[in-house]
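Structure, as structure tokens:
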Amino acid sequence: MTTSQIEIQLIAAVVAVACALPGVFLVLRQMAMMSDAISHTVLLGIVVTFFLVGSMESPLLIFGAAAMGLVTVSLVELLNKTGLVKQDAAIGLIFPALFSLAVILISRFAGGVHLDADAVLLGELAFAPFDRLDILGLSIPKSLAVMSGILMLNILFITLFFKELKLATFDAGLAAAFGLSPALIHYALMGLVSITAVGAFDAVGSILVVALMIAPAAAAYLLTDNLSKMLGLAALLGIISAVGGYWLARLMDANIAGSMATMAGLVFLMAFLFSPKRGLVAYARRRGRQKWEFAQTSLAMHLMNHEDTPAAVDECTVAHLQNHLRWQPEFADQVLLKAQRRGYVQRENGSLELTDSGRTLARQALVR
Amino acid sequence: MELFNDLLFDYTLRTVALGAATLGLVSGALGSFALLRRQSLLGDAMSHAALPGVVLAFMITGSKSPLVLMLGAAVAGILGTLLMMAVTRHSRIKGDSALGIVLSVFFGFGLMLLTFLQRNPDARQAGLNTFLFGQAATLLERDVITMAMFGGGALLLMVIFWKELKLLSFDVDFGASLGFSMRLLDILLTSLLVVAIVIGLQAVGVVLMSAMIVAPAAAARQWTDRLSLMIVLAALFGAIAGVSGAMISSLGSGLSTGPLVVLAISAIALLSFLLAPNRGLVWNWLQRRRSDQNLRVRAVLSNLYFLAQQHDNPEHAHEATVLQTMAFGRFGIQKSLAVLTDLGWVQQVDQDRWALTPAGAEEAERYLIGG
């Protein structure tokens, strides 16, 4: 691997982790689409700040853009609070309007500048190593420096306010009762999302910021019930998507950001299908197992009901199961086989007898 | 006037305006259902999800004809929506996350395919601009005819399944209890929405298509509580925004139609939020002001009545300063007295004293005691 290859992967991984961490809270707080809105409207922030500052190099651009993210969130809240439209419609109204404004401003007044709407939407990671910065005598890519700073900020914020974020996310009412302002936490989090989106769009483009914020976090949500673990998993899955996406892009000679989003989607799909506890496959297998367990329990209860009664001779036979429990002959045979193998039932010349463990099974089912 | 002349006789402007109007009409009408079902952002996700469909359609057929590309876009859009439904049905992932994932992953996949196809990993040169922002200026008459045909077909289906779609939007459980398959209807409505989106992609592009689904419907919702009227209004607003966007775009240089159409429809929505009767913010503010004033007038009337009751004479006069101390809030009572005088319920006895008239005493009794 050449230096620039390593650098690109490093930038991609840092971007992925920086996006995944606030993404976890977006997913948990059901505000995933806010990332979509913010990542679009930062364009307007950049345009407006550019008009004010007059330079595309100024570090103020990041703050201007992040401020526009907060403006977007406030406008959505404001519109939502009027009760005239629901929150999703509010998002769908605000961000296209602000984005359109930005596109028009650019095409009307900033035509000559290096500022294209599509550049913001798509990004290009492959060129990132060419834009370098000297820090302490070391030459590192500018976006690596910026994104590392943002990643540090995210980690710092989440570690410092972990308890508060956790409480406000899972029980906003209790958080408010403890004197933590849910609005303050909401806006702090949205500010974090805005800054991250601004920093990341340069590398991966704004639409793919959404992919890196939501997909790894959602995948992690399917894998664990523990917030700390979810944060760690989301970061890990983000790195896998980023590095995997890079190599996919190399393999296909295709756009890196697009490939990273594709990998993020695949990672989510894997979690959706194969998560040990919540995946589709695990779910189907659990349902299958429960079917047989239920049948065995029914069998045990049936046998216990008729044990030591005069009718036992008739009731406790294989043929009778078809009659009484309405089981098909093949199904009854299979249930019996499984029950015998588990040691719940014994077969004594045609009639069925419960073992001790079979009786325990039936009793447990009854008590419950 | 020249602008309107151009609208009728200038080929480009006429075509663009007609195309934008068709798009606004169809997406406004069908977007109403999405808004009512709280699926406003579905349009956003669908339009982004269309990209891989467009690229794959081209890869498979090698044709760049709008019809083929539109078909590919539609298939990808529907597939994306079905995936979204599957994820929310079978896992604890909520709708917003599912939307975000489908939107960004499909789009990223499309981007990857497109750059792979062109053997050029630089997305900026991939000709994505058209897809992202639309290119209304390149619309041809036959494109508009295609748009109108598909849009008309979608609207026709909407009318045929009117009753069922209404059930789907307002009471899913009741619909299911009547024996309708709500899942099939959901898929039908989704497909109609996909048609609306796909015919708009060429005109306004992916990013702004979501606004054409949400904004006309949100604006129309403010003016009425009837679904049929709402849909007609939404279609009308969408069409107006389309035509005005196209016209403004023809005026200035470098202004593309898509963003202008979106700004036009956003302005219509904003005006509706402010001015619509019953729901609008300004309307509500005026209502509240009127009822507050009414309350103050009633209070002055009642106070005069209470004061007079202590004097055996219901028409006993009292000084305005007394009434002022009894009034609530920081408001003066002069205006209330003027209103009451106009109504003939109160009269000014001398310089500073006021008394109830017989009609005023009667009114106060009716108001306070009832009957």
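Any read-out appearing in this document is the output of simple, stated calculations on the displayed coordinates, not a laboratory observation. Because the structure is a prediction, the values reported are computed rather than measured. Note that we place each Cβ from the backbone using ideal geometry, even for glycine, and neighbour counts take in every protein chain shown.
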Largest-first principal axis extents, alpha carbons of segment A:123-238, Å: 51, 30, 23
Please list, by residue number, everything in segment A:82-107 whose backbone N is under 12 Å from a paramagnetic label point 7 Å out along Cα→Cβ of residue A:51. A:101-107
Expected sort for A:367, B:346 with the fewest Cβ neighbours (10 Å cutoff) up front is A:367, B:346
Quick one: order A:253, B:350, A:202 by neighbouring beta-carbon count within 10 Å, fewest to most. B:350, A:253, A:202
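First obtain the Kirkwood hydrodynamic radius of segment B:283-369 from its Cα pairs, then insert it into the Stokes-Einstein equation at 4 °C and 1.567 mPa s, and state the resulting D in µm² per second as a whole number. Present the calculation step by step, with values, prior to reporting the outcome.
Numbers: Rh = 13.0 Å.
Rounded, D is 99 µm²/s.
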Taking only Cα atoms and a 10 Å spring cutoff, compute GNM fluctuations for chain A and point out the largest among A:217, A:128, A:295. A:295
Over the Cα atoms of segment B:2-277, what radius of gyration and what Dmax do you get, in Å? 18.4, 58
What per residue convex hull volume, in Å³, comes out for segment A:281-367 when only alpha-carbon positions are used? 102
Which one of A:101, A:70, A:231 has the biggest mean-square fluctuation once chain A is modelled by GNM with Cα springs under 10 Å? A:101
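What value, in deg cm²/dmol to 500, does the helix sum -39500 (n - 2.57) over DSSP H runs of n ≥ 4 give at 222 nm once divided by the residues of the protein assembly as shown? Kindly include the intermediate steps, with their values, before the conclusion.
Details: 33 runs with 567 residues, N = 739.
Only helices count here, giving -26000 deg cm²/dmol.
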Considering only C-alpha atoms, what is the centroid distance from segment A:149-171 to segment B:345-371, in Å? 65
Suppose R0 equals 22 Å; then what is the FRET efficiency for residue A:308 and residue A:364 from their Cβ-Cβ distance, rounded to the nearest 0.05? 0.65
Across 20 Å bins from the origin, how do the percents of Cα pairs in the protein assembly as shown run, short distances first? 15, 37, 25, 17, 5, 0
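Checking the table A:86/B:94; A:166/A:277; A:277/B:94; A:86/A:229 against a 28 Å threshold on Cα-Cα, which pairs fail? Let's see the in-between values first.
On the way: A:86/B:94 17 Å; A:166/A:277 23 Å; A:277/B:94 17 Å; A:86/A:229 33 Å.
Going by Cα-Cα distance, A:86/A:229 fall outside the 28 Å limit.
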Using the 10 angstrom Cβ neighbour count as an exposure proxy, how do B:285, B:345 rank, fewest first? B:285, B:345
Fluctuation leader among B:252, B:108, B:242 - chain B, Gaussian network, Cα springs under 10 angstrom: B:252
Figure the gain on full extension for residue B:328 and residue B:349 (residue separation times 0.36 nm, minus the Cα-Cα span) and round it to one decimal in nm. 5.2 nm
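From the convex hull of the Cα coordinates of segment B:239-328, what is the mean projected area in square nanometres? All intermediate terms of the calculation are to be shown ahead of the outcome.
Values: hull surface 39.3 nm².
In nm², the orientation-averaged hull projection of segment B:239-328 is 9.8.
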From Cα coordinates alone, what are the radius of gyration and Dmax values for segment A:3-275 in angstrom? 18.3, 57
